[in-house]
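Colleague: Handing you a structure now.
The values are calculated or read from the model by the stated rules, or taken from the named source; none is laboratory data. This structure is a prediction, so every number in the text was calculated from the model and none was measured. With ideal geometry, Cβ positions are generated from the backbone for all residues, glycine too; neighbour counts draw on all protein chains shown.
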């Protein structure tokens, strides 16, 4: 199993941030930057166990981006042009949740210095005043807050955000065949929902949240591994009665499953969850429905999706970060077992 290579991510970056999109392996500069991806960069770099100088630099750039995007009231801007001009209004979309996730990893980082952790925690406290109306956004925020809380036990702002997220995650829109799921159909980054339940349950010592997260995750894994390898639901979502496997399969679904499974193993000690992390890593390396790799271990580039006819060759930031984070988790699982 290869480890994460950050070369492509470095090539996609400038002192202003990481470019959102790529054509092939080249950044599409006219599309600029977004906090959606920069928050991920901060989190993935902050939890790298032995970061290179380039990884440390990427984390610093990303934290600076997040601080520049942050408003006093805890909302965040998302988009920035190639010239560094903010091009949207502050809001509470997924970029807010992913910023909280990345800041949470920085607070919990084993290598970030005290000043960096303090700055990240201050931004988290401002963000924790807000509540997003969207389930997955609150799930991203919950995972980040839970990881930060492990570094600053008893922090009231983070506990309050976790309690609010626990309520936001619940739902009653059951569909036959999806009784464990809080929505009428699967959407995107689906395993993020059970991961948030697990994170909240572990952080607040709430066994019911943990049980809910494990039940949802067990169902998702069974649904997406019918032939012994990972076959994630397509980008358009899925509901019972719709065909599987189906294109377009995207890396965001795979990393969400890897993150949730890694957390489940850490909480329960059940090594079968580590095997799910391995399946996720293998999906990027070619053990998928088409038998083709979506990750280049020589450059660290991750392809944007698995189509019906092959891979989408574009290596954007989201897909590359999904591959790097999945390999990061697979390596951590292997180290724990060694």
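Colleague: For the stretch 1-89, which helices (runs of 4 or more DSSP H) that fit wholly inside it have 3 or more residues that are within 17 Å of the chain's Cα centre (by Cα) and at pLDDT 95 or above?
Modeller: The helices (runs of 4 or more DSSP H) meeting that bar are 35-46, 53-69.
Colleague: (1) more than 20 Å from the chain's Cα centre (by Cα); (2) modelled with pLDDT of 95 or more: which one isn't true of residue 255, the others all being true?
Modeller: Unmet condition: (1).
Colleague: Next question. Quick one: which of 54, 20 is more than 20 Å from residue 252 (Cβ to Cβ) and either surrounded by fewer than 19 Cβ atoms within 10 Å (Cβ to Cβ) or touching a strand residue (DSSP E or B) at 6+ places or on another chain (Cβ under 6 Å) (or both)?
Modeller: Result of the check over 54, 20: 54.
Colleague: Hey, any hits in the stretch 31-39 for a residue that's farther than 14 Å from residue 78 by Cβ and either in contact (Cβ under 8 Å) with a residue 12 or more places away in the chain or touching a helix residue (DSSP H, G or I) at 6+ places or on another chain (Cβ under 8 Å) (or both)?
Modeller: no
Colleague: If you don't mind, there's one more thing I want to ask. Counting only residues that are part of a loop (DSSP other than H, G, I, E, B) and surrounded by 14 or more Cβ atoms within 10 Å (Cβ to Cβ), how many does the stretch 314-338 have?
Modeller: 3
Colleague: Can you pull out every residue in the stretch 183-240 that is more than 19 Å from residue 144 (Cβ to Cβ), under 16 Å from the mean Cα position of the chain (by Cα) and surrounded by fewer than 22 Cβ atoms within 10 Å (Cβ to Cβ)?
Modeller: Of everything in the stretch 183-240, those that are more than 19 Å from residue 144 (Cβ to Cβ), under 16 Å from the mean Cα position of the chain (by Cα) and surrounded by fewer than 22 Cβ atoms within 10 Å (Cβ to Cβ) turn out to be 187, 235.
Colleague: For residue 189, work out the one condition from (1) under 22 Å from residue 280 (Cα atoms); (2) in a helix (DSSP H, G or I) it doesn't fulfil.
Modeller: For residue 189, the exception is condition (2).
Colleague: Related question: List every residue pair whose Cβ atoms sit under 8 Å apart, with the two residues 6 or more apart in sequence or on different chains, where the first one lies in the stretch 142-157 and is at positive phi and modelled with pLDDT of 95 or more and the second, anywhere, is surrounded by 14 or more Cβ atoms within 10 Å (Cβ to Cβ) and in a helix (DSSP H, G or I).
Modeller: Once the first residue is at positive phi and modelled with pLDDT of 95 or more and sits in the stretch 142-157, no partner that is surrounded by 14 or more Cβ atoms within 10 Å (Cβ to Cβ) and in a helix (DSSP H, G or I) comes close enough.
Colleague: Taking residue 213 as the residue in question, decide whether it is farther than 21 Å from residue 36 by Cβ and modelled with pLDDT under 95.
Modeller: The answer is no for residue 213.
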